[in-house]
Amino acid sequence: MALPGGNRNGTTGGVALAACILALTVPAWAQQPPAPPPLPPARIVVSGEGSVTVAPDYAEITSGVTTQAKTAKEATDANSKAMAALDAALQNAGIAPNDVQTVRFSVAPVYGPPQPNSAPKLVAFSVSNQVGIKVRQIGRVGEVLDSLIAAGATDAGSVQFLHSDVSKVLDRARQAAMADARRKAELYAHAAGLSLGGVAWISELPPSAPSPPMSVRMYAASAVPISPGEDTLRVEVTVGFNVAH
């Protein structure tokens, strides 16, 4: 039985047409490829090196006395007397008290050679007192060493030549490293037909340290020849530059 005013064939045809349109449009929309990820910014990445050679402006000497005695008290008393002589010698050499600092003090037992079937035998005590000495007039390092030897110093760890303002020296090396990096980047950009832009990022490797301490033998009888020389401090950076075609 047909509904009034209705058309079964027309209704069925309309539904079929709508389904056909939906079937054609939905897959086409669902199958759109995803948008490609944005390309990374064009950059030139280079390393730059800079170095500065400067003379050190002060020195640090490590020196002291080691004494032995049958008891710890006797060894300590002897050591204190010897260190008092060293302190007096440093004052006479013009070293300020605040430029002398104890860096190591130790009291240790001393045992005799091992014997078969017996425990090591305690034979003495050793006391060591080491001080760090700043010599602000670098040309007087040899004179200060002479004074220590004459006063009875038995130990010397090192003489190290240093810089009072390392950051200021390294800043000069950093400027040279950046100039070197920019020179390389401009060369690559020109060769590739690109325009060099601004700096995107900078990474610095740990700067190189000055030369290691110099060992000193304390048995010298004549003046100690000391040459501070010069130190070369180096900085290396890696720099990323923006570019444009």
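So the values come out like this:
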{"item": "Qualifying residue in region 87-99 (condition: surrounded by 13 or more Cβ atoms within 10 Å (Cβ to Cβ), touching a residue at least 24 places away in the same chain (Cβ under 8 Å), in contact with a Gly (Cβ under 8 Å, 6 or more places away or on another chain) and under 30 Å from SER227 (Cβ atoms))", "result": "no"}
{"item": "Residue match in region 19-39 (condition: closer than 30 Å to PHE161 by Cα, out of contact with any helix residue (DSSP H, G or I) (no Cβ under 9 Å at 6 or more places or on another chain) and either at pLDDT 90 or above or not in a strand (DSSP E or B) (or both))", "result": "no"}
{"item": "Qualifying residue in region 134-147 (condition: modelled with pLDDT of 90 or more, part of a strand (DSSP E or B), touching a strand residue (DSSP E or B) at 6+ places or on another chain (Cβ under 9 Å) and assigned by TED's automatic domain parsing to the domain that holds ALA75)", "result": "yes"}
{"item": "Residue pairs meeting the criteria (Cβ under 7 Å; at least 6 apart or on separate chains; first among the aromatic types (Phe, Trp, Tyr), in region 225-245; second at pLDDT 90 or above and not in a strand (DSSP E or B))", "result": "PHE241/ALA185"}
{"item": "Qualifying residue in region 85-99 (condition: in the same structural domain as SER158 (by TED's automatic domain parsing), within 30 Å of the chain's Cα centre (by Cα), polar (S, T, N, Q) and not in a strand (DSSP E or B))", "result": "yes"}
{"item": "Condition check for SER118: surrounded by 14 or more Cβ atoms within 10 Å (Cβ to Cβ) and either modelled with pLDDT under 95 or among the small types (Gly, Ala, Ser) (or both)", "result": "no"}
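This table checks each residue for (1) within 14 Å of ALA59 (Cβ to Cβ); (2) surrounded by 20 or more Cβ atoms within 10 Å (Cβ to Cβ); (3) of a type in the set (Lys, Arg).
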position	(1), (2), (3)
VAL144	yes, yes, no
ALA153	no, yes, no
GLN160	yes, no, no
ASP171	no, no, no
ARG182	no, no, yes
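The values are calculated or read from the model by the stated rules, or taken from the named source; none is laboratory data. Predicted model, so just to flag it, every value in this text is computed and none were measured. Here the Cβ is made from the backbone with ideal geometry for all residues, glycine too, and neighbour counts use every protein chain on show.
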